[in-house]
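Structure first, then comments.
The values are calculated or read from the model by the stated rules, or taken from the named source; none is laboratory data. Predicted model, so just to flag it, every value in this text is computed and none were measured. Every residue, glycine among them, receives a Cβ derived from its backbone with ideal geometry; neighbour counts consider all protein chains shown. Areas reflect the complete protein model, heavy atoms only, side chains present, ligands, DNA and RNA absent. Shrake-Rupley method; radii C 1.70, N 1.55, O 1.52, S 1.80 Å.
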Amino acid sequence: MSNGRRAYGLGAIAMGAAFAVFHALAMARRGAAPAPSVSVHDALAFLGAAILIAGGVLLNLRRTSSVGAAALAAYFGLSVLTQGIPPLISGPMVMVNWQNLAEFAAMTAGGVAAYALAPDVSAARSARLARGAVLAFGLCLLVFGASHFVYAQLTASLVPAWLPPDQMVWTYLTGVAQIAAGAALLSGIQARLAALMLAAMYVAFALLVHTPLILGAPALRGNWDELCETLVLAGAAWAMADAAERRARR
């Protein structure tokens, strides 16, 4: 089984678990009644968490990997439609709206790539889906890289101050790295290497940026959301490397 698919599935499990825990805590704080009085919003929140966890588990089982990948792709694809596109329509000139759309689209592309890599998917369908996923992910990376330049000061504030030579240097360097990785995926030139290096960079983000934030404020849900999204994107990038390798063999 593709290691990228496994990592993507594990990231989805972590995201689902975080969603469920924090929503349960929020319900407890507002004194929500037992199940019969749970609101539609509460039910949808737990349903989304269940899809993420179940999809991640199924994806890591060989016989059900295609089902799990399809479930995750559908979940993140729905997020594109409901959470990514509406803000962009109302504010097309706001960069963060493009960034949010790209995040949902990149996680969706990860699910599509994971499905393409499943053993029970035909070779022809696998090739088409893998190509589409890699190209879509590459476009998302261009947005991610551009956002580092548009929001340079904010991004620099997240870089550990102890990391030499300078926070702003790492802001621009990682922005360029994501744009370069996007160009590699779109062109097919060193696509697998670029995707693997990108996955490693996202893991570094998780360890150096998001983990310290969680240790400093473990009760803040936003910190957990950012960590889980980064882990899913790292798995998606790894899956892109596997998809690019399979394409190169054919």
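Any residue at all in region 147-156 that is open to solvent by 20 Å² or more (accessible area, probe 1.4 Å) and not in a helix (DSSP H, G or I)? Taking every residue of region 147-156 in turn, at least one turns out to be open to solvent by 20 Å² or more (accessible area, probe 1.4 Å) and not in a helix (DSSP H, G or I). Scanning region 157-178 for residues that are assigned to a helix (DSSP H, G or I) and open to solvent by less than 60 Å² (accessible area, probe 1.4 Å) yields M168, T171, T174, G175, A177, Q178.
Only one entry of V112, V96 meets the criterion of being over 26 Å from R6 (Cα atoms), in contact (Cβ under 8 Å) with a residue 24 or more places away in the chain and touching a helix residue (DSSP H, G or I) at 6+ places or on another chain (Cβ under 9 Å), and that entry is V96.
Just a yes or no: is a residue in region 63-71 under 24 Å from H23 (Cβ atoms) and touching a Gly at 6+ places or on another chain (Cβ under 6 Å)? Scanning region 63-71 turns up at least one residue that is under 24 Å from H23 (Cβ atoms) and touching a Gly at 6+ places or on another chain (Cβ under 6 Å). Report yes if some residue within region 64-77 is open to solvent by 30 Å² or more (accessible area, probe 1.4 Å), over 20 Å from C228 (Cα atoms), out of contact with any helix residue (DSSP H, G or I) (no Cβ under 8 Å at 6 or more places or on another chain) and not in a loop (DSSP other than H, G, I, E, B); otherwise report no. The answer is no; no qualifying residue exists.
Condition check ((1) without any contact (Cβ under 8 Å) to a residue 40 or more places away in the chain; (2) in contact with a helix residue (DSSP H, G or I) (Cβ under 7 Å, 6 or more places away or on another chain); (3) more than 17 Å from V143 (Cα to Cα)) across all residues:
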position	(1), (2), (3)
T174	yes, yes, no
I179	yes, yes, no
A183	no, no, no
A200	yes, no, yes
A204	yes, no, yes
V209	no, yes, yes
I214	yes, yes, yes
G235	no, yes, yes
W238	no, yes, yes
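Considering (1) buried (at least 18 other Cβ atoms within 10 Å of the Cβ); (2) more than 24 Å from L59 (Cα to Cα), the lone condition that A219 does not fulfil carries the number (1). Pairs meeting the criteria (first residue in region 62-86 and touching a residue at least 24 places away in the same chain (Cβ under 8 Å) and of a type in the set (G, A, S), second residue outside any helix (DSSP H, G or I) and surrounded by 21 or more Cβ atoms within 10 Å (Cβ to Cβ), beta carbons under 7 Å, at least 6 apart or on different chains) are S65/A118; S66/A118; A69/A118.
Exactly one residue among A239, A200, A204 is buried (at least 17 other Cβ atoms within 10 Å of the Cβ) and in a helix (DSSP H, G or I), and that residue is A239. Consider region 85-128 and keep the residues that are in a helix (DSSP H, G or I) and of a type in the set (S, T, Y). The one that is farthest from the chain's Cα centre (by Cα) is S90.
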